[in-house]
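Input: a single structure, listed below in structure tokens.
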């Protein structure tokens, strides 16, 4: 080591190394921060795109289900040569297609031949075309709902196909299909600055904001997958799918990855994030340009290097002046140095705070104790449409207050200024300068200075307009589904009422004939007994009507303390004639006869009657010695568990999760509402209902009810 390399040189070398490490650390920090911000934005974009895709599918998901249950549709599959019937079905499909905005609806028989379609009168009509090799047709004729995306065999236009089997009396007559076009969605993606890609289960891109990426794969497609795609004509006559022109680089510390590619005749680095859509078998990939991440790192490096350079220059300047004015001006130099450092720190802190406030997406507003606006950030100005100059210094009422809510907003403003604002915030409707309404959530907190003195109030304003609109659309959809369920229940109630009233009405008729004969004979004692029977049967018919009304509208239920023993015994009495007629034995088992529950006797009897009736029908094809139903009641903790078990064939495993879904049924004449209504009644009593297959054969439906002391 040379002698001239002394301690002063070592200090300079260490300072230079520290400066370089500081600059590198600042660049890495800025890069990570910008990368995290980009990743969060990608997650939000992916959630929005996934919501849009699911919403598009759910909007048309009910169409094949509804069309498959139309009487004309089922009749056309039975009599395919009826020209008048075919015309009605064509008109019905055309009306559905026009009303819902679907690309097409059509009906296919079991041989795969199209009998009717919404485009029957167009040159590209599906009528007469065969779709036997389509996967959605293969799934539907096997009793499953089919989903498939591909190019149309007739039109060559891509779309999502949803197929539903058309059933009648347990047999599958054909398939109802709806085609949904995703081209409007792709057109929207193409106008976006950030590319979006949608891949199928084989890894093939079938929807993309970049046309050059279409029908490329993320990885080599296997020979089996290529054969499957070709056999089903998913992408027309294409026999090969080249790899995407991507070079993928995993990114540590984040769930995304970096894609190096060429786009719009220039090389680009994109940050990408995959979102699986398992219900559709697709993968959604959203991307964004990495340019801002690189720029953030470069700016951080430059600013840090400049700050370090300025600091080093300041130190050098101070040392030179120290040498020249050690004795005379030492105090002045020290003061100037301290003022300079403090000013620089304040400027940097102010610049950093302003940049942070300007980058916020949440609106910020500060007011003095009298309500005068003393600060607003750009996000709030964009939210209300007024500039900072138009808002600063204004007192209530503010120009963005909604004219219909002035009194409410004045009251909320006074509460905030008096320190009575709700800590969880409050909802407020404001009027944008251009005239449209904006729904916001406002959170207010004290504005305290460095000395701990409250100088006013700071409010955070969040725009929730899109969230409110989405909630309104969801409520509207739920109301429509509830109306459909109530309309479907009308037929079920009419059938139930006719079945239940048949026996008392027949008894009334028989007793009336007997009474007339006894009156002629003059037998007063027997006549009185017969008339008593007529009165009893009339009351029974009245109770049946009340029970059906309570079944239709559970809000009218009459809740009381009762024992399940009496409910189960009465249900057995009601169904005893039908059980005897079918040769079915009902065995009751009660472990605790004293336990009580709070509920409506009629509704609980209806649940038991429905479950026993279903068990009876499940054993219709069983030998007579196996036609046994076990009705048990056991106490489990604070609940009673009631189980109805049969010895029928059981329920297929894939249908166990669907038996309580509205409109799902395995009966050829059922509506699929009985078990759904049973679940509604049980849940209204604070319990839950489940189903499982028994080890020795058959199914067991169980529901729990909370006991009362």
(request) Would you calculate a helix-derived [θ] at 222 nm for the chain, using -39,500 (n - 2.57) for each DSSP H run of n ≥ 4 and dividing by the full residue count, to the nearest 500? (result) -16000 deg cm²/dmol
(message) If I compute P(r) over Cα pairs in 10 Å bins from 0, in percent from the structure I just sent, which labelled value in [x] 3, 14, 24, 25, 18, 9, 5, 2, 0, 0; [y] 3, 13, 21, 20, 17, 13, 8, 4, 1, 0; [z] 2, 10, 13, 15, 16, 16, 12, 7, 5, 3, 1, 1, 0, 0, 0 lines up?
(response) [z]
(request) Working from Cα positions, state the angle (0 to 90°, nearest 10) between the long axis of helix 524-552 and the longest principal axis of the chain. (result) 20
(request) Treat each spin label as a single point 7 Å out from the Cα along the C-beta direction, and report the residue 374 to residue 193 distance in nm. (result) 3.6
(request) Can you tell me the FRET efficiency between residue 360 and residue 407 if r is taken as the Cβ-Cβ distance and R0 is 41 Å, rounded to the nearest 0.05? (result) 0.85
(message) If I take every Cα pair under 8 Å that is 6 or more residues apart in region 61-181, average their sequence separation and divide by the length, what percent do I get for the relative contact order?
(response) 27
(request) Please report how far the C-alpha centroid of region 597-621 lies from that of region 671-709, rounded to the nearest whole angstrom. (result) 10
(request) Take 293, 197 and order them by how many other Cβ atoms sit within 10 Å, fewest up front. (result) 293, 197
(request) Can you put 130, 237, 201 in order of Cβ neighbours within 10 angstrom, beginning with the fewest? (result) 237, 201, 130
(message) Explain nothing, just the number: relative contact order of region 557-708, from Cα pairs under 8 Å at least 6 residues apart, as a whole percent.
(response) 24
(request) Compute the long axis of helix 406-417 from its Cα atoms, compare it with the longest principal axis of the Cα atoms of the chain, and write down the angle in degrees, 0 to 90, nearest 10. (result) 60
(message) Show me the ranking of peptides 78-91, 608-621 by mean Cβ neighbours inside 10 Å, starting with the highest.
(response) 608-621, 78-91
(message) Could you check the spin-label model distance between residue 565 and residue 476? Points 7 Å from the Cα along Cα→Cβ, value in nm.
(response) 5.6
(request) Would you please classify the overall shape of region 1-99 from the alpha carbon gyration tensor, given that a ≥ b ≥ c denote the square roots of the eigenvalues, rounded means a/c under 1.5, and beyond that prolate means a/b larger than b/c while oblate covers the rest? (result) prolate
(request) Would you give the gap between the C-alpha center of region 368-430 and the C-alpha center of region 211-246, rounded to a whole Å? (result) 57
(message) Multiplying the sequence separation of residue 451 and residue 429 by 0.36 nm and subtracting their Cα-Cα distance, what value in nm do you get?
(response) 4.4 nm
(message) Could you tell me the calculated FRET efficiency between residue 339 and residue 306, based on Cβ-Cβ distance and R0 = 25 angstrom, to the nearest 0.05?
(response) 0.75
(message) If I stretch the segment between residue 620 and residue 323 completely, what's the gain in nm (0.36 nm per residue apart, minus their alpha carbon distance), one decimal?
(response) 95.9 nm
(message) For a Förster distance of 41 Å, can you work out the FRET efficiency between the beta-carbons of residue 129 and residue 294, rounded to the nearest 0.05?
(response) 0.20
(request) Using the number of other C-beta atoms within 10 angstrom as an exposure proxy, rank 463, 40 with the fewest first. (result) 40, 463
(message) Restricting to Cα pairs below 8 Å that are 6+ residues apart, what does the relative contact order work out to for the chain? Please round to a whole percent.
(response) 7
(request) Subtracting the Cα-Cα distance from 0.36 nm times the residue separation, let me have the gained length for residue 239 to residue 695 in nm, one decimal. (result) 159.3 nm
(message) Report for region 557-667 the percent antiparallel among DSSP-assigned beta bridges with both residues inside it, nearest 5.
(response) 65
(request) Specify whether the C-alpha gyration tensor of region 582-709 places it in the rounded, prolate or oblate class, a ≥ b ≥ c being the square roots of the eigenvalues: rounded for a/c under 1.5, otherwise prolate if a/b is larger than b/c and oblate if not. (result) oblate
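No lab work stands behind these numbers, since they all come straight from the coordinates. Here the structure is a predicted model, which is why all the values come from computation and not from measurement. Glycine gets a Cβ as well: all are built from the backbone with ideal geometry, and neighbour counts include every protein chain shown.
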